[in-house]
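Single-structure report; data block below.
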Amino acid sequence: QVTLVESGGGLVQPGGSLRLSCAASGTIFRVSTMAWYRQAPGQERNQIARIVFSGRINYADSVKGRFTLSKDNDKNTMYLQMDDLQPEDTAVYYCHANIRTTSEAYPEPFWGQGTQVTVSS
């Protein structure tokens, strides 16, 4: 089994920064993709940043230039550096990964438990 554990959320003032982490552990042969999603109250869960196996990273327009995704392949850990946070960034942030658990398995989707980010003065 695979577990994704997020950390780093919290309360921050507008213009502040936070760094989220997502650590994947368990039976992992290969991590295909990892991504950050967020879900504000009453809204859909949306992808905001993604890294694929090749290392290519994509960002949603809403966070481009303010958020930076990085990944430590040795630790199977993904990070999201969030700068210049604004009240509209308030949401629960989720980690998602497509992971092959064996060399013969297809990638399976896994979700973290979510971490709350609140931007308020």
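The values are calculated or read from the model by the stated rules, or taken from the named source; none is laboratory data. All values derive from a computational prediction rather than experimental measurement. With ideal geometry, Cβ positions are generated from the backbone for all residues, glycine too; neighbour counts draw on all protein chains shown. Ligands, DNA and RNA are excluded from the accessible area calculation, which covers all protein heavy atoms including side chains. Shrake-Rupley method; radii C 1.70, N 1.55, O 1.52, S 1.80 Å.
In this rough spin-label picture, where each label sits 7 Å from Cα along the Cβ direction, the T27-V52 distance is 2.8 nm. With a 1.4 Å probe rolled over the protein heavy atoms of all chains, the accessible area of S103, S54, S32 falls in the order S54, S103, S32, largest first. Ranking S70, A105, P41 by how far each Cα lies toward the positive end of the dipole of the chain (charges on Cβ) leaves A105 at the top. Quick one: Debye curve from the C-alpha atoms of the chain, no solvent, what's log10 I(q)/I(0) at q = 0.12 Å⁻¹? Log10 of I(q)/I(0), two decimals: -0.41.
The string of couplings for the stretch 96-109 from the Karplus curve (6.51, -1.76, 1.60, θ = phi - 60°) is 10, 9, 9, 10, 8, 8, 9, 5, 9, 8, 7, x, 10, x Hz, one whole number per residue in order, with x for Gly and Pro.
Only four residue types carry charge here, +1 at the Cβ of Lys and Arg and -1 at the Cβ of Asp and Glu. Report the dipole size of the chain about the Cα centre in Debye, rounded to the nearest 20.
For the chain, the charge dipole is close to 220 debye.
Using a probe of 1.4 Å, the accessible surface attributed to D61 totals some 130 Å² when neighbouring protein chains are kept in position. Size of the stretch 1-66: Rg and Dmax of its alpha carbons, in Å, are 13.8, 40. Across the stretch 54-64, rounded Karplus estimates of 3J(HN,Hα) from the backbone phi angles (6.51 cos²θ - 1.76 cosθ + 1.60, θ = phi - 60°) give 6, x, 5, 10, 10, 10, 6, 4, 5, 10, 4 Hz, Gly and Pro being marked x.
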